Amino acid sequence: MASSKVKSGVNSDTNSLKESKSNASSLAGEAAPNNRIYCLDDLETMATVGTGTFGRVFLVKDKKSRAFYALKQMKIPDVIRLKQEQHVHNEKEVLTEVNHPFLIRLFWTYHDERFLYMLMDYVPGGELFSYLRSRGRFSNNTGLFYTSEIVCAIEYLHSKEIVYRDLKPENILLDSEGHIRLTDFGFAKKLSDRTWTLCGTPEYLAPEVIQSKGHGRAVDWWALGILVFEMLAGYPPFFDDNPFGIYQKILAGKLEFPRHLDFYVKDLIKKFLVIDRARRLGNMKNGADDVKKHRWFKPIDWDAVPLRKLKPPIAPKVSHEGDTSNFDVYPEEDWKKDPPVPQKDLEIFKNF
């Protein structure tokens, strides 16, 4: 179950791009939405803000505009070894197509003989995961705020026939004001029908994914049910020491709620965590409208949500645009020793 997770953290790594710059400095990748064409020489590496199975994310500063970005850098040999080529192409395809206030934006992609690069928004507030861990659990109103913004993000993705497939607190970033941004679209996919790939995080997998029945957008509503439970309880509803134990509990579908949970939110969670996806809230005829009309969301003005007019319950401490204090610190490591990739392997990424 190789995850394409690139988690967030911080460390200084000022030499991180130098080797690949010599190969790439004169070449530019695709035009960004603002019509700017970037190249690696334009980007000064400030810090490491994430590490993962085959990727790193760096905070970089554009030497021309002085703006900050996140540069996701993936080792091509590791992407191939872990059979993640399609996920990487999917991520680019999806991010090229989306434009929504609660989703990360992609500005530029590129590859040289060692790495794939994706230049994206830098979101300085850190992961929702760290705020949840430090508080233990969220209040009902705090959970309601984040859930409302996530519902709008999922509704938008589904309107474009995109399934996200990796909803969890680690993949929800907070911007400087405290609004959400979904990140890490490595498992996202444009769906024509159903898909059969087993991917995601064990605690958040829908039954139809575990059973390899073929799955679609309903998996995102299941994952939202898990997320709402975890935000308000402080732990996920199905957990065990090993993935197999988690899967057994998911398929058994037995829910035990902590006493303090609001009556309406318990009802909402039960309606998301329905094993029969044809009866799962969000996946029926009216789609996201059924979710928005649920009694728990009665206080929410849905027109105001995507306009970012709701007041965030947590205001991250951000001193400036390139502030990295809301991320973990990662140890330094020499990440550049890999030999160049053979030409036949580079062919896989010629359109990246």
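Tabulated results
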| quantity | calculated |
| --- | --- |
| GNM flexibility winner over the chain from R259, R137, R279 (Cα, springs under 10 Å) | R259 |
| Largest-first principal axis extents, alpha carbons of the stretch 128-297, Å | 38, 33, 29 |
| Cut-off under 5 Å, modelled amide H: who pairs with F58 long-range | V49, L71, K72, Q73 |
| Gyration tensor (alpha-carbon) shape descriptor, the stretch 58-98, a/c threshold 1.5 | oblate |
| Calculated [θ] (222 nm, deg cm²/dmol) that DSSP helices of n ≥ 4 give over the chain, each run adding -39,500 (n - 2.57) | -8500 deg cm²/dmol |
| Over the stretch 95-160, volume per residue of the alpha carbon convex hull, in Å³ | 123 |
| GNM top mover of H111, H100, H215 - the chain, alpha-carbon springs below 10 Å | H100 |
| Shape of the stretch 62-192, Cα gyration tensor, a/c cut at 1.5 | prolate |
| Inter-site label distance for E97 and F257 at 7 Å from Cα along Cβ, in nm | 3.6 |
| Candidate lysines - alpha carbon under 26 Å from K298, same-chain residues fewer than 8 apart omitted | K168, K266, K270, K271, K285, K309, K311 |
| Selected from P207, P243, P101 as most flexible by GNM, with the chain as the system and alpha-carbon contacts under 10 Å | P243 |
| 0 to 90° range, to nearest 10: angle between helix 140-159 axis and the chain longest Cα axis | 70 |
| The stretch 78-117: translational diffusion in µm²/s, Stokes-Einstein, Kirkwood Rh over Cα pairs, 4 °C, 1.567 mPa s | 113 |
| 10 Å binning of all Cα-Cα separations within the chain, expressed as whole percents from 0 upward | 5, 25, 34, 24, 10, 2, 0 |
| Sum of side-chain charges, K249 neighbourhood, beta-carbon under 10 Å (Lys, Arg +1; Asp, Glu -1) | -1 |
| Contour minus Cα-Cα distance for S325 and D338 (0.36 nm per residue) | 1.7 nm |
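Rule-based calculations on the coordinates, nothing more; no lab input. These numbers come from a predicted model, not from an experiment. Don't worry about glycine lacking a Cβ; one is built from the backbone with ideal geometry, like all the others, and counts go over all protein chains shown.
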